[in-house]
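The values are calculated or read from the model by the stated rules, or taken from the named source; none is laboratory data. Every value quoted in this text rests on a predicted model; they were computed, and no experiment measured them. Cβ coordinates were reconstructed from backbone atoms using ideal geometry, including for glycine residues, and neighbour counts include every protein chain displayed.
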Amino acid sequence: MQTLRKHIRIAAALVGALAMTTTIARAADPLPPQGDAVEPTPRLVLQITVDQLRGDLPGRFVKNMGEGGFRYLMNHGVWYADAHHAHANTETIVGHTTLATGADPATHGMIGNVWFDRQTGKLTYNIEDPMYRILTPGADVDKATEIDPTQKVASTDGRSPAVILGSTFSDELAIHTAGRAKIFGVSIKDRGAVSMAGHAGKAFWFSKTSGGFITSSYYYDRYPAWVNEWNQQKPASAYSGKSWELLHEKSSYLFGDADDKPWETDLAGYGRLFPHPYGSDKGKYFNTRLTLSPAGDDLTLAFAKTLIAAEQLGQDEVTDYLSVSFSSTDYVGHLFGPSSLEMEDNLLRLDRTLADLFAFVEKRVGLKNTLIVLSADHGGPEAPGYLNSLGIPARYMTPEKWDKEPAINALKQKFGIGKELIQSYRHPYVYLNRKVIREKGLDQAVVEKVVVDELMKFEGVALAVSSTALREGKFPNSPLIQSVLRNYNPRRSGDIFVVFQQHCFINDFDGLTVTSTHGSPWRYDTFVPVVFAGGRLTARRVDHTIETVDIAPTLTAIVGAKPPSGSRSAPLQEVLQGFAK
Ligand SMILES: [Zn+2]
């Protein structure tokens with residue numbers, strides 16, 4: 001009987017996978033809904049992270065949203081209306097790992113998408129790891145066509161969570177269940193999947209080179225059969241020759257008459273106006289364009305649903321974990337800004353994607369047996385052009401145009417040498433050349449101070465903080481300084497942290513000029529939604545401020561596990577009370 005049931009489930013998974021290749025919509029699912037009893041701990045924890053979903057965006061566009069997606073979360077969930085990341089460098093790996101661990105980057109170690117490795121003397125991409133190669137030959141980053149500048153930094157095609165310090169919620173779940181919990185992370189971005197799966201889970205992410213979902217030898221020796229089948233059906237190719245089109249009548253959108261704005265990124269062949277063509281699947285940038293549109297989220301959804309079915313998540317009393325990180329909102333935000341017709345349509349489509357996922361989970365696991373938590377790795381700034389059109393000052397920063405001559409001369413005057421003292425500046429961190437400082441017999445703290453003083457003279461710099469000064473507590477205990485301190489890891493952080501003024505940021509992505517870039521400690525970058533739904537939770541809006549580090553210890557408390565090792569906060573009482581009802 002067990003075996004028969006297993007066969008039926010595998011068959012159901014295959015049927016689901018086949019249905020998906022043509023429509024990328026709801027996979028066929030013959031399994032009946034679960035019974036009525038609500039169990040004390042959820043069978044499935046479904047953690048959704050929407051890359052760059054600023055806290056105000058779901059509410060801003062909810063009017064045109066349908067049922068079952070964001071409305072389900074709003075009408076049934078505990079919604080925290082003022083949630084923030086508490087660290088200064090609001091980038092993707094930093095935010096994801098904070099959500100996963102409940103720790104600050106100072107503690108979990110992921111202080112930036114990229115940092116300078118003082119041991120190797122090279123910039124390093126957060127989760128790159130030469131020990132664990134990607135399983136699909138030739139599916140690693142193609143530097144010739146990669147437009148995500150942080151991905152291009154990786155000098156190896158290996159990936160693993162080894163650099164993440166301490167445990168994630170998913171790790172604690174594995175420990176708590178004697179390894180019986182099934183734990184998975186899925187995303188278009190490798191860093192969106194690997195961070196959340198933790199050390200104990202399995203991660204899959206999208207390869208823009210192969211057009212399929214891939215993993216590394218850290219997780220598997222060979223792909224599970226269902227992953228091979230999924231990839232062989234080439235779901236991405238279903239978009240060949242198609243375009244990203246508006247979901248609704250243009251006039252129904254808040255930004256319906258704002259499609260053609262000069263500050264939007266006019267990517268060759270993709271354009272600023274609807275429809276945005278994907279081109280042929282033979283095209284060099286075909287898969288990239290899918291990721292820059294809601295199609296990336298559709299593929300992620302289809303893969304996640306197949307995973308839920310094939311791996312039979314949430315089918316017994318052992319709590320399983322699935323993290324789905326949707327990346328399209330981030331790329332759409334970078335290209336068009338959060339106040340654009342593209343972002344509005346993207347979020348309406350994301351709403352449909354969420355509704356589809358929740359309906360699928362309802363059928364297979366039951367939402368009452370599932371705990372959903374949705375948040376974001378960071379928010380995002382408005383396009384300066386958009387703010388300027390409303391009379392609000394904002395602009396792009398161009399550090400490469402800074403006249404560095406006076407600063408270099410000041411260093412030379414003081415220490416006898418100038419630019420040799422700077423090893424690397426990858427915003428927000430400046431790394432000093434410690435070898436040169438040592439060889440010249442200089443005092444590191446004195447050099448830091450002079451560089452800080454010179455940086456502060458540059459236009460657009462709001463704050464430059466040296467690590468020595470941070471360590472010695474030489475600053476007033478302001479929220480800004482606290483956020484920089486939470487980002488400070490002595491092994492990986494640079495010697496000086498630079499904060500640009502509000503509404504000022506770099507918009508150069510290694511030669512590609514984009515519309516907006518997050519990464520600051522300002523409120524528009526720290527502000528994210530946090531909502532818990534499912535189980536016995538009922539609708540509640542919570543207005544007091546919370547931090548994203550609160551999420552992981554809340555999850556461990558609900559499943560009865562101990563808090564992640566570096567987590568610094570307490571469980572959210574509104575969620576615990578709702579769940580214990
Ligand atoms: Zn981003």
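Would you check if there is a residue in segment 429-443 being part of a strand (DSSP E or B), among the aromatic types (Phe, Trp, Tyr) and away from the ligand (no atom under 16 Å from the Cβ)?
Of segment 429-443, the ones part of a strand (DSSP E or B) are 429-432.
From what's left, among the aromatic types (Phe, Trp, Tyr): 429, 431.
Pick out the ones that are also away from the ligand (no atom under 16 Å from the Cβ) and you get 429, 431.
Yes: segment 429-443 contains one or more residues that are part of a strand (DSSP E or B), among the aromatic types (Phe, Trp, Tyr) and away from the ligand (no atom under 16 Å from the Cβ).
Once segment 519-541 is narrowed to residues that are hydrophobic (A, V, I, L, M, F, W, C) and surrounded by 19 or more Cβ atoms within 10 Å (Cβ to Cβ), the residue that is farthest from Gly68 (Cα to Cα) is Trp522.
Give the residue that is nearest to Ala383 (Cα to Cα), with candidates limited to residues of segment 477-500 that are surrounded by fewer than 20 Cβ atoms within 10 Å (Cβ to Cβ) and touching a residue at least 60 places away in the same chain (Cβ under 8 Å).
Of the residues in segment 477-500, the ones surrounded by fewer than 20 Cβ atoms within 10 Å (Cβ to Cβ) are 477-480, 482, 489-491.
Narrowing further to those that are touching a residue at least 60 places away in the same chain (Cβ under 8 Å): 480, 482, 489, 491.
Working: Leu480: 23, Gln482: 27, Asn489: 31, Arg491: 34 Å.
So, considering only residues that are surrounded by fewer than 20 Cβ atoms within 10 Å (Cβ to Cβ) and touching a residue at least 60 places away in the same chain (Cβ under 8 Å), the one nearest to Ala383 (Cα to Cα) is Leu480.
A Cβ distance below 7 Å, combined with a sequence gap of six or more or placement on separate chains, defines the contacts here; from segment 501-523, residues that are modelled with pLDDT under 95 and of a type in the set (Asp, Glu) reach residues that are outside any loop (DSSP other than H, G, I, E, B) and away from the ligand (no atom under 12 Å from the Cβ) in the pairs Asp510/Lys152. Here the condition is being crowded, with 24+ Cβ neighbours inside 10 Å and either assigned to a strand (DSSP E or B) or away from the ligand (no atom under 16 Å from the Cβ) (or both); of Leu46, Leu53, it holds for Leu46 alone.
Looking only at residues of segment 77-99 that are within 11 Å of the ligand (Cβ to nearest atom) and polar (S, T, N, Q), we find that the one that is surrounded by the most Cβ atoms within 10 Å (Cβ to Cβ) is Thr90. Residues in segment 329-342 that are more than 11 Å from the ligand (Cβ to nearest atom), crowded, with 24+ Cβ neighbours inside 10 Å and either charged (D, E, K, R) or assigned to a helix (DSSP H, G or I) (or both): 2 in all.
Looking only at residues in segment 111-131 that are within 15 Å of the ligand (Cβ to nearest atom) and outside any loop (DSSP other than H, G, I, E, B), the one that is surrounded by the fewest Cβ atoms within 10 Å (Cβ to Cβ) is Tyr125. Applying the set (1) surrounded by fewer than 18 Cβ atoms within 10 Å (Cβ to Cβ); (2) outside any loop (DSSP other than H, G, I, E, B) to Gly138 leaves exactly one unmet item: (2).
Tell me, please, whether a residue that is farther than 28 Å from Leu290 by Cβ, charged (D, E, K, R), in contact (Cβ under 8 Å) with a residue 60 or more places away in the chain and not in a helix (DSSP H, G or I) can be found in segment 161-181. Checking segment 161-181: at least one residue is farther than 28 Å from Leu290 by Cβ, charged (D, E, K, R), in contact (Cβ under 8 Å) with a residue 60 or more places away in the chain and not in a helix (DSSP H, G or I). Need the failing condition index for Leu292 against (1) within 16 Å of the chain's Cα centre (by Cα); (2) modelled with pLDDT under 95, just the number. With respect to (1) within 16 Å of the chain's Cα centre (by Cα); (2) modelled with pLDDT under 95, Leu292 is out only on (2).
For (1) over 21 Å from the mean Cα position of the chain (by Cα); (2) touching a residue at least 60 places away in the same chain (Cβ under 8 Å), each residue gets a yes or a no:
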{"position": "Ala193", "(1), (2)": "no, yes"}
{"position": "Met196", "(1), (2)": "no, yes"}
{"position": "His199", "(1), (2)": "no, no"}
{"position": "Phe206", "(1), (2)": "no, yes"}
{"position": "Ser217", "(1), (2)": "yes, yes"}
{"position": "Pro224", "(1), (2)": "yes, yes"}
{"position": "Ala236", "(1), (2)": "yes, yes"}
{"position": "Gly241", "(1), (2)": "yes, no"}
{"position": "Leu246", "(1), (2)": "yes, yes"}
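Being in a loop (DSSP other than H, G, I, E, B) and within 16 Å of the ligand (Cβ to nearest atom) holds for only one residue in Leu273, Leu313, Leu267, and it is Leu267.
Can you confirm whether His108 is within 23 Å of Ala154 (Cα to Cα) and within 16 Å of the ligand (Cβ to nearest atom)?
In short, no.
Looking across Val141, Val186, Val153, one residue alone is under 21 Å from Asn231 (Cα atoms) and modelled with pLDDT under 95. It is Val141. In this structure, Val499 does satisfy being in a strand (DSSP E or B) and touching a strand residue (DSSP E or B) at 6+ places or on another chain (Cβ under 6 Å).
Consider segment 506-563. How many of its residues are at positive phi and in contact with an Asp or Glu (Cβ under 6 Å, 6 or more places away or on another chain)?
As a first pass, look at segment 506-563 and keep what is at positive phi: 510-511, 519, 534-535, 560.
Add one more test, that the residue is in contact with an Asp or Glu (Cβ under 6 Å, 6 or more places away or on another chain), and what stays is 519.
The total comes to 1.
Remark: pairs (first residue in segment 51-80, under 22 Å from Thr545 (Cβ atoms) and modelled with pLDDT of 95 or more; second residue within 16 Å of the ligand (Cβ to nearest atom) and among the polar types (S, T, N, Q); Cβ separation under 6 Å; 6+ apart in sequence or on different chains) = Gln52/Thr329; Leu53/Thr329. Checked against the criteria, Phe326 does not count as buried (at least 24 other Cβ atoms within 10 Å of the Cβ), away from the ligand (no atom under 13 Å from the Cβ) and not charged (D, E, K, R).
Could you list, in sequence order, the residues of segment 454-475 that are in a helix (DSSP H, G or I) and exposed (fewer than 14 other Cβ atoms within 10 Å of the Cβ)? Across segment 454-475, the qualifying residues are Met456, Arg471. Residues of segment 280-294 that are surrounded by fewer than 24 Cβ atoms within 10 Å (Cβ to Cβ), within 26 Å of Pro224 (Cα to Cα) and more than 16 Å from the ligand (Cβ to nearest atom): Asp281 alone. When the residues of segment 60-94 are filtered to those that are of a type in the set (A, V, I, L, M) and touching a Pro at 6+ places or on another chain (Cβ under 6 Å), the one that is farthest from Leu46 (Cα to Cα) is Ala88.
Listed here are the residues, each with its yes/no results for (1) assigned to a helix (DSSP H, G or I); (2) more than 19 Å from the chain's Cα centre (by Cα); (3) modelled with pLDDT under 95; (4) away from the ligand (no atom under 16 Å from the Cβ).
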{"position": "Asp345", "(1), (2), (3), (4)": "yes, yes, no, yes"}
{"position": "Leu354", "(1), (2), (3), (4)": "yes, no, no, yes"}
{"position": "Ala359", "(1), (2), (3), (4)": "yes, yes, no, yes"}
{"position": "Leu371", "(1), (2), (3), (4)": "no, yes, no, yes"}
{"position": "Leu374", "(1), (2), (3), (4)": "no, no, no, yes"}
{"position": "Gly380", "(1), (2), (3), (4)": "no, no, no, no"}
{"position": "Leu387", "(1), (2), (3), (4)": "yes, yes, no, yes"}
{"position": "Gly391", "(1), (2), (3), (4)": "no, yes, no, yes"}
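When Gly198, Gly192, Gly212 are checked against the criterion of being more than 18 Å from Leu299 (Cβ to Cβ), at pLDDT 95 or above and buried (at least 18 other Cβ atoms within 10 Å of the Cβ), a single residue qualifies: Gly198.
Remark: Ala561 matches the filter, which requires a residue to be in a loop (DSSP other than H, G, I, E, B) and either of a type in the set (A, V, I, L, M, F, W, C) or modelled with pLDDT of 95 or more (or both).
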